[in-house]
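Worksheet: the structure to be examined is printed underneath.
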């Protein structure tokens, strides 16, 4: 009986154990959540460093008088050459006034131009202004001066030789046109100036006409601003006071054109007996001179003429403003333009 009871109890324990195992719930293993996708780091777009726009270079060009056709042609061409490089050229005419030119240089300094070209009315009077410009870091070219002085560079020509060459052309005309004239019988007039040192040298060169055997210098008229109008008036006055004058030596192209007009009005039927010779020339008038139909029969082309001189000025000043090596001195050549008949 006890043995049987023990067996029953053991069976009951087994059943209870099995029931307990079936009723227990398995604890699920937590499933790891998939990791959220990691956003790619935001990279700022690469921006090339901006280069500030280059400063426009500016050049101040100081001239004695814009009414001078040679200077007008020269400065116009220089402006064109620099404009092609994006460089601005500002031209200031002193109208023959040294004080006005000094103020113009000071104005250019205040504007902060990069270079100055100075063709002075009074070479001595502008020295302190040039020195101020250099202290401000402005490169300065002097034209025409005999020596470098305060300038960074200078262009010049032999002004006396210009006058000598013009006088020689006049003498050649006299000998050809008046082969039988007695010595000192063909009257000559000089229309020039002795106010500016450089122009005085040109005038002294004109005076070498007195070494021409047939020539007789009868008058000198000082005309600082030899415009066409001044040339007409001066020519008329000379022909009124000295009606036998046949040859005129004139400081520049504009004045020569004016004197030519006066001659055409005075002796329209005898133009071949008259001649005007100039110390410089506007390229527009070269065909007139070479055509031999006008009293304006010869001129000295400085630097080969405004075109060639403008090119040399451009090349020199461009080197000065762009930091390239440049020569301290430039000597301009001289070429005669004359009637080719």
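What follows draws every value from the coordinates through simple rules; no lab data is involved. A quick note: this is a predicted structure, and the numbers were derived from the prediction, not measured. FYI the Cβ positions are ideal-geometry reconstructions off the backbone, even for glycines, and counts take in every protein chain you see.
Per residue, the convex hull spanned by the Cα atoms of region 159-302 measures out at 89 cubic angstrom.
Take the alpha carbon atoms of region 118-141, find their center, do the same for region 149-165, and report the distance between the two centers in whole angstrom. Comparing the Cα centres of region 118-141 and region 149-165, I get a distance of 17 Å. Ordering 128, 254 by the number of other Cβ atoms within 10 Å of each residue's own Cβ, fewest first, gives 128, 254. When both region 166-185 and region 311-326 are represented by their alpha-carbon centers, they are found 44 Å apart. Stretching the chain fully between residue 183 and residue 233 yields a gain of 15.1 nm (0.36 nm per residue, less the alpha carbon separation).
The smallest convex shape that holds all Cα atoms of region 148-219, its convex hull, gives 75 Å³ per residue. Ordering of 104-117, 294-307 by packing is 294-307, 104-117, highest average first (other Cβ atoms within 10 Å, averaged per residue). Remark: relative contact order (region 184-295) = 27 percent; criterion is Cα-Cα distance under 8 angstrom and separation of 6 or more residues.
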